[in-house]
1. GluC sites (Glu not before Pro) within the stretch 14-71: which are DSSP loop residues with at most 16 other Cβ atoms inside 10 Å?
2. Ranking request for peptides 336-348, 202-214: highest mean number of other beta-carbon atoms within 10 Å first, then the rest in descending order.
3. Dipole of the chain, Cα-centred, from +1 at each Lys and Arg C-beta and -1 at each Asp and Glu C-beta, to the nearest 20 debye?
4. Please work out the C-alpha center-to-center distance from the stretch 1-19 to the stretch 236-285 and express it in whole Å.
5. At 222 nm, what helix-only mean residue ellipticity would the chain give, in deg cm²/dmol to the nearest 500, using -39500 (n - 2.57) for each DSSP H run of four or more?
6. Roughly how many whole Å is it from the C-alpha centroid of the stretch 160-221 to that of the stretch 20-84?
7. If you roll a 1.4 Å probe over the heavy atoms of the protein chains, what accessible area per residue do you get for the chain, in Å²?
8. For the chain, which whole-number percentage of the solvent-accessible area (1.4 Å probe, protein heavy atoms only) is attributable to carbon and sulfur atoms?
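The values are calculated or read from the model by the stated rules, or taken from the named source; none is laboratory data. Keep in mind that this is a model prediction, so the values were computed, not measured. Glycine also receives a Cβ, built like all others from the backbone with ideal geometry; neighbour counts cover every protein chain displayed. To get the accessible areas, we keep the full protein, side chains included, count just its heavy atoms, and leave off ligands, DNA and RNA. Shrake-Rupley method; radii C 1.70, N 1.55, O 1.52, S 1.80 Å.
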Amino acid sequence: MTDSLTVRDNRTGAEYEIPITDGTIRAADLGQIKAADDQPGLATYDPGFVNTASCRSAVTYIDGEAGILEYRGYPIEQLAEKSSFLEVAYLLIHGDLPSKEQYDDWVHHITYHTFVHENVKAFMQGFRYDAHPMGMLMASVGALSTFYPEASNIADPDNRHIQIVRMIAKMPTLGAWAFRHAQGKPYIYPDNELNYSENFLSMLFKMSETKYDADPRIAKALDTLFILHADHEQNCSTNAVRSVGSSQVDPYSAVAAGIGALFGPLHGGANEAVLKMLRRIGNKSEIPAFIDGVKNGNERLMGFGHRVYKNFDPRATIIKKACDDVFEVTGVNPLLEVAKELEKIALEDEYFIKRKLYPNVDFYSGLIYEALEFPPEMFTVLFAIGRTPGWLAQWLELVQDKEQKIARPKQIYTGQRQLDFVPAEVRWA
Ligand SMILES: CC(C)(COP(=O)(O)OP(=O)(O)OC[C@H]1O[C@@H](n2cnc3c(N)ncnc32)[C@H](O)[C@@H]1OP(=O)(O)O)[C@@H](O)C(=O)NCCC(=O)NCCS
């Protein structure tokens with residue numbers, strides 16, 4: 001068997017042999033296929049990159065058919081159960097699990113970089129009282145590039161490393177402050193004696209007490225949720241980080257672009273949309289009418305379907321378990337009943353079966369977040385905090401990959417050409 005593709009161009013009768021490597025052909029190899037010498041070479045048309053690999057990556061493996069998700073080769077189920085978010089962050093960034101010494105050093109560094117410059121606080125306080133926390137997060141992460149101008153020196157490994165530590169460390173601070181801002185409450189400084197998720201909970205919810213004492217079950221559930229969201233190979237926001245990063249801009253600007261992508265309802269905003277949908281449905285008796293509307297194409301069943309997972313989303317299974325732990329502390333969210341019934345009905349319905357639509361990670365995460373008293377606008381912020389190590393691991397891979405170039409897709413031009421410009425005074429006369 002030869003690892004190549006023989007292509008016959010029926011316009012000219014010419015044949016070409018194109019090498020196949022790792023199940024792909026190089027799109028640039030198609031450029032030699034031309035209808036005539038003075039014509040442009042053949043290109044591929046792939047809106048949404050549904051069948052185009054943009055990079056080689058050793059960070060995350062997904063088998064959508066089998067419902068497998070692995071970070072650096074380790075199954076998500078094992079990491080969620082036995083690891084911690086900061087250990088997973090280390091794994092994603094460094095490619096391997098840490099020794100005890102490496103882990104302690106990593107945690108120490110992250111912990112001692114949680115504070116931000118006081119001007120960041122002043123800057124955040126300048127937002128309108130009702131500013132969306134995701135907009136605040138995106139702007140403040142972008143603004144960090146002005147506090148660390150040396151971050152633009154992306155060729156220096158030590159410099160890259162300190163920016164990575166800073167970003168993972170400061171993300172909860174910025175996220176918590178965006179949350180406090182909307183409530184008109186004072187911003188709470190980090191507490192270096194707490195672990196990552198306890199510290200985040202403290203910055204979110206602490207009032208006049210000297211020390212915020214988070215329920216360990218809640219802190220653990222949050223840590224697990226961060227692990228589940230830590231990376232997901234070439235999704236929309238990671239692609240945004242890589243695309244913007246390919247211009248060799250500093251990592252704060254690249255991650256700010258990722259946050260922008262994550263803000264959209266088809267990506268990170270889906271769990272907020274799930275909750276709104278569940279509230280609108282209200283009770284179980286309304287579900288059949290709602291499902292009919294989805295099948296008639298009036299709207300989508302939010303939290304269902306995935307570009308990659310076509311049998312089940314392994315993260316959804318873990319989240320369902322985390323739901324039970326959280327509800328043990330907070331009491332059951334009444335919308336859980338609606339969600340469970342909706343899932344049951346949809347999974348038995350021909351429309352969803354035929355299209356391989358299953359609950360994704362967002363179907364249940366919103367219910368947990370709500371039980372933790374987060375308003376829906378905060379859900380995507382939590383996602384962004386979890387995804388930060390993944391974005392940075394992918395960015396790190398990008399900037400060290402000699403094959404990468406500035407992202408610059410082709411287009412198929414459909415507009416007019418060679419019009420004669422008529423000046424306004426003539427057109428409007
Ligand atoms: C995630 C998502 C964007 C993936 O989209 P995709 O891979 O581009 O799939 P398509 O949009 O091509 O959908 C394929 C078919 O399933 C249908 N479909 C996909 N998701 C659906 C949903 N959630 N509800 C109802 N129908 C859905 C589409 O209408 C389409 O049907 P058709 O073939 O009759 O036209 C999509 O499933 C979706 O919008 N889900 C809801 C939002 C969500 O939960 N996002 C979070 C992702 S983690």
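1. Details: sites: Glu15, Glu17, Glu65, Glu70; in loops: Glu65.
Within the stretch 14-71, the qualifying GluC sites (Glu not before Pro) (loop, at most 16 other Cβ atoms within 10 Å) are Glu65.
2. Ranked by mean Cβ neighbours within 10 Å, highest first: 336-348, 202-214.
3. 1000
4. Each part reduced to its Cα centre gives a spacing of 40 Å.
5. Estimated from H runs of four or more residues: -16000 deg cm²/dmol.
6. 36
7. On the way: 21880 Å² over 429 residues.
About 51 Å² of surface per residue is accessible.
8. On the way: 11350 of 21880 Å².
After summing per-atom areas, the C and S share lands at 52 percent.
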